[in-house]
Each structure stands twice: as C-alpha cells, then as structure tokens.
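The structure appears right after this line, and notes come after that.
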Amino acid sequence: MGIPTLRFYIPFNIEVFIRSGLSVEKPFWIMRDYAKCSGCRRCEIVCSLHHEGRIWPEASRIRVFMLVPGLEVPHLCAQCDNPACVEACPVGAISVDEELKRVVVDKERCTGCGACVDACPGRVPHIHPTENYALICDLCDGDPQCVKACQEGRWNCLYIARREPSASYDLYAKRPEEVTRELAILLFGEKGREVI
C-alpha cells in the first residue's frame, strides 16, 4: 500500500498569517500543521483562561490528544461549510455567525444532549465538565488565543488563515484517531502503520 496524502496540510493556495497581531480579513479559520505540535498544551491553557477565567483544560475548546507517544494532535472545530452539528441540534442552540463563519453555541438554550457530538464527523464538540452545554471553538470572537500562544512559542502548529470560498473546510473535521494514523504514516512511513 502507498502512503496516503495528508489532507490537513495546505491543500490549496491560501494566505497564511504566521505572526499574531496581524490584521486578518474576515472570515478566517485556524489552520493546523499537526507535525509541528510539541504537545505543550499552551493552547488548552489559554483557551480555558479566556473562556473560563482559569486554567481548566477539560473546559477548553481546543484539546490536544496523544494517542501514540510523541504524536500530539490539537483537536478543534474545523468551522465546516455546512456544519452537521447545527442541523443535529434539536433545540436550535447551535448556529453559524455570518461575519466570522464560526459555529456558535447558545449555552442558555443548549441541553447538553450530545447530538452535535454524534453528528460531527470529527467528534469535536464535547460537553462542559460541570455545566450542561456543548463546547465548540468560537474563534475567541475573532482573536484566537490558541494561535497567539502557539506562535509566541514558535511551534507554528496553529495559524490564522483567510477563509477561501473555494476550499472545503469539512476535510479538516477528523477524529484524533484518523489524524494520528495519517501523521504516523507521514513521519514514520510504512512503519507508522504498526504504531496505530
């Protein structure tokens, strides 16, 4: 069998904004280069600080998975073109903000039923650990803290990229197991199949 082409590397020509603080035309999304993730989890820390007011990785909107030692996978909303989570929500608590093209959860309406988790091809949403509502990346209202932390540390795993209408962001909605498998094969070649 041949080595699969990884779809989570830049599959189209987009302008990438590497340094935080640059003016970015909206809408944008968070691009990932999984091979560069060090597993530091600063993204989880700053996300929980921003949204929860304290360090609480379990309540972070981005989560880092290590399913194979040495392969760290940041997992966050792909901001799909036609998000399955929006359609699946039985109470209409999930919508798409038209300005940023981001998925937004109305935590007052959300019942925490988990229908969004089951509907998402990447199983990205998860339920808040103490309150009963779904957690999904909201791009920090246009100033993603995870990207800033990643860029400040010079890991360059997370980038802000202009959202292009011709691209399919649904391709990035993958489960951590899928990404880890593809990353192992990328880094270790055919031997990567043995570690999964």
Q. Which semi-axes, in whole Å and largest first, does the equivalent ellipsoid of the chain have when worked out from the alpha carbon gyration tensor as the square roots of 5 times its eigenvalues?
A. 25, 19, 18
**Q.** Proxy reagent accessibility, fewest Cβ within 10 Å first, across Cys40, Cys85
**A.** Cys40, Cys85
Q: Provide, in order from the shortest bin, the percent of all Cα-Cα pairs of the stretch 137-191 in each 5 Å bin, continuing until the bin that contains the maximum pair distance.
A: 4, 15, 14, 20, 26, 14, 5, 2, 0
Q: Any chance you could get the radius of gyration and Dmax over the Cα atoms of the stretch 82-196, in Å?
A: 16.3, 48
Q. Under 29 Å Cα-Cα from Lys191, which lysines qualify once same-chain neighbours fewer than 8 residues away are excluded?
A. Lys36, Lys174
Q: Report, to two decimal places, the Cα Rg of the stretch 75-130 normalised by 2.2 N^0.38 Å (N = number of residues).
A: 1.03
Q.
What distance in nm lies between label points placed 7 Å from Cα along the C-beta direction at Ser168 and Arg54?
A. 4.4
Q: Going by C-beta contacts inside 10 Å, put Cys37, Cys140 in order with the fewest on the left.
A: Cys140, Cys37
**Q.** Separation of alpha-carbon centers, the stretch 150-196 and the stretch 100-135, rounded to whole Å
**A.** 22
Q: Determine, for each peptide in 77-83, 116-122, 161-167, the mean count of other beta carbons within 10 angstrom over its residues, then list the peptides with the highest first.
A: 77-83, 116-122, 161-167
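Just so you know, all these numbers are worked out from the coordinates, no wet-lab data involved. If you're wondering where the values come from, they're calculated on a predicted model, not measured in any experiment. Every residue, glycine among them, receives a Cβ derived from its backbone with ideal geometry; neighbour counts consider all protein chains shown.
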